[in-house]
Amino acid sequence: MPTKRRAELPGTTDRRIDALLTLLAENATIVISGAKIAREIGVTRQQVWRWIEKLRSLGVRVKGHAHTGYHIERVPDLLVPQMLSHRLYGTSFARRILHFFKVDSTNSVAMRLGESGEPHGTVVVAEEQTAGRGRAGRSWTSEKSVGIYSSILLRPPIPPAHAPLLTLVAGLAARDAAVEDLDVQPDIRWPNDLLLNGRKFCGILTEMHAEPDRIRHAVIGIGLNVNQAKMSRDLADIATSLRIETRRMHSRFELLIRLLRCLDRYYNQFLADGATPILRRFAEVSSYFKGKRVRITTAKESFTGTTAGLEPSGVLRVARDDGRGIVPILSGDVGEAS
Ligand code: BTN
């Protein structure tokens, strides 16, 4: 049965620009004629010329050769759907990828898409966010084309009480994706902040629309600092990027592919085998799992204690210093304490 073609969402990158970029990138070693490009993507040669200009204005280096055509000088590290989709074949995330050059927040877009019935596995990705959102009402700095700003719409067949496990799944996937580019092992601060040398380079915001017994949809929003040369003065003590830590640039494109493949793998494992393998993996890779001195800050209070493992639902257990026993932490900030 033919698949239904969905209407384009306002503000998303025109599919044909995506097709043009893919064509140029896949033929990076040759000069490809304007007429051939026009034929392949179904537009006029004038339109091809206009879009080449648009790509150049976005920093893509396309060389024009008199009488013969165009040639891309360096394949840009842009997160455009067609190329991503080819590489994600066989996962849940290959079918519907929406790309923005600029958007307020990919999580806000994905939550709206969830409301309007978009399918499980829809991915929203942006080169830049003007109002990126973090946990606890904080903002997420989202400079143009240096980080990964992506939100994934899921329709998990689980009750809302198991949602903390989804959050762990996302953190484990992001960690596995990043590890390949690193010589050191990143830590995970519960539930899913990724840390290098004690500073955060990846944060995840999980939002959902749920009824008492089922999640209608959940959005996993992932912000990964990749090629920032330095962090702003107010963030430098607590945040970092892969480039700062490794002193080299990283491919956002390859990282995002790895991240979505890992997410697919962990998510399917979670649905098939339940929480146990996820909790076991978290225990292996997070120093916050057990025996870590922490300060917990919730909306109501702030206290210190020592971590004492996770509950089967993924909730953190902390033995309080004030003698009030071991308590579950459902949400709140977890920081290292001395
Ligand atoms: C945190 O506070 O640690 C979570 C940060 C999550 C940021 C990402 S960037 C992509 C997605 N869109 C948003 O507005 N936020 C998330």
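Restricting attention to segment 114-132, the residues that are within 13 Å of the ligand (Cβ to nearest atom) and surrounded by 18 or more Cβ atoms within 10 Å (Cβ to Cβ) total 7. Would a scan of segment 215-229 turn up a residue that is under 30 Å from Gly59 (Cα atoms), open to solvent by 30 Å² or more (accessible area, probe 1.4 Å), over 16 Å from the mean Cα position of the chain (by Cα) and more than 12 Å from the ligand (Cβ to nearest atom)? Yes: one or more hits. All conditions in (1) hydrophobic (A, V, I, L, M, F, W, C); (2) more than 30 Å from Gly121 (Cα to Cα); (3) open to solvent by less than 70 Å² (accessible area, probe 1.4 Å) hold for Ala25, with the sole exception of (2).
All conditions but one from (1) more than 25 Å from the chain's Cα centre (by Cα); (2) at pLDDT 90 or above; (3) open to solvent by 20 Å² or more (accessible area, probe 1.4 Å) apply to Thr12; the one that does not is (1).
Asp181 meets the conditions (1) modelled with pLDDT under 95; (2) in contact with an Asp or Glu (Cβ under 8 Å, 6 or more places away or on another chain) in every case but one. The failed one is (2). When residues in segment 282-333 are screened for being more than 17 Å from Asp187 (Cβ to Cβ), more than 27 Å from the chain's Cα centre (by Cα) and among the hydroxyl-bearing types (Ser, Thr, Tyr), 2 of them pass.
The residues in segment 303-338 that are open to solvent by 60 Å² or more (accessible area, probe 1.4 Å) and over 17 Å from Leu168 (Cα atoms) can be counted, and the count is 7.
In segment 154-212, the residue that is least open to solvent (accessible area, probe 1.4 Å) out of those that are within 15 Å of the ligand (Cβ to nearest atom) and of a type in the set (S, T, N, Q) is Asn192. Being surrounded by 19 or more Cβ atoms within 10 Å (Cβ to Cβ) and of a type in the set (Lys, Arg) is a description that does not apply to Arg95. Within segment 297-326, residues that are free of Cβ contacts under 8 Å to residues at least 60 places away in the same chain sit with their Cβ atoms under 6 Å from residues that are surrounded by fewer than 14 Cβ atoms within 10 Å (Cβ to Cβ) and of a type in the set (A, V, I, L, M, F, W, C), at 6+ positions apart or across chains, in these pairs: Ala308/Ile326; Arg317/Ile326; Ala319/Ile326. Tell me, please, whether a residue that is farther than 18 Å from Gly221 by Cα, away from the ligand (no atom under 16 Å from the Cβ), out of contact with any strand residue (DSSP E or B) (no Cβ under 7 Å at 6 or more places or on another chain) and modelled with pLDDT of 95 or more can be found in segment 63-79. Among the residues of segment 63-79, not one is farther than 18 Å from Gly221 by Cα, away from the ligand (no atom under 16 Å from the Cβ), out of contact with any strand residue (DSSP E or B) (no Cβ under 7 Å at 6 or more places or on another chain) and modelled with pLDDT of 95 or more, which makes the answer no. In a residue-by-residue description of segment 266-280, the property of being under 25 Å from Ala94 (Cα atoms), of a type in the set (Ser, Thr, Tyr) and not in a loop (DSSP other than H, G, I, E, B) applies to at least one position.
Scanning segment 51-76 for residues that are touching a His at 6+ places or on another chain (Cβ under 9 Å) and open to solvent by 30 Å² or more (accessible area, probe 1.4 Å) yields a total of 4. Residues that are β-branched (Val, Ile, Thr) and in a strand (DSSP E or B) within segment 194-243 comprise Ile204, Thr206, Ile215, Val219, Ile220, Ile222, listed in sequence order. Scanning segment 133-153 for residues that are charged (D, E, K, R) and not in a helix (DSSP H, G or I), we see that the one that is nearest to the ligand (Cβ to nearest atom) is Arg133. Residue count for segment 135-153 satisfying the condition of being in contact with a strand residue (DSSP E or B) (Cβ under 7 Å, 6 or more places away or on another chain) and surrounded by 17 or more Cβ atoms within 10 Å (Cβ to Cβ): 10. Tell me whether segment 78-87 contains one or more residues that are open to solvent by 30 Å² or more (accessible area, probe 1.4 Å), under 30 Å from Leu154 (Cβ atoms), more than 19 Å from the chain's Cα centre (by Cα) and among the small types (Gly, Ala, Ser). No: zero hits. Taking every residue in segment 202-213 that is at pLDDT 95 or above and pairing it with any residue that is acidic (Asp, Glu), at least 6 positions away or on another chain, the pairs with Cβ-Cβ distances below 8 Å are Cys202/Asp193; Gly203/Asp193; Ile204/Asp193; His209/Glu115.
The values are calculated or read from the model by the stated rules, or taken from the named source; none is laboratory data. As the structure is a prediction and not an experimental result, all values here were calculated from the model. In this analysis, Cβ positions are derived from the backbone assuming ideal geometry, glycine residues included, and neighbour counts consider all displayed protein chains. With ligands, DNA and RNA removed, areas are computed over all heavy atoms of the protein, side chains included. Shrake-Rupley method; radii C 1.70, N 1.55, O 1.52, S 1.80 Å.
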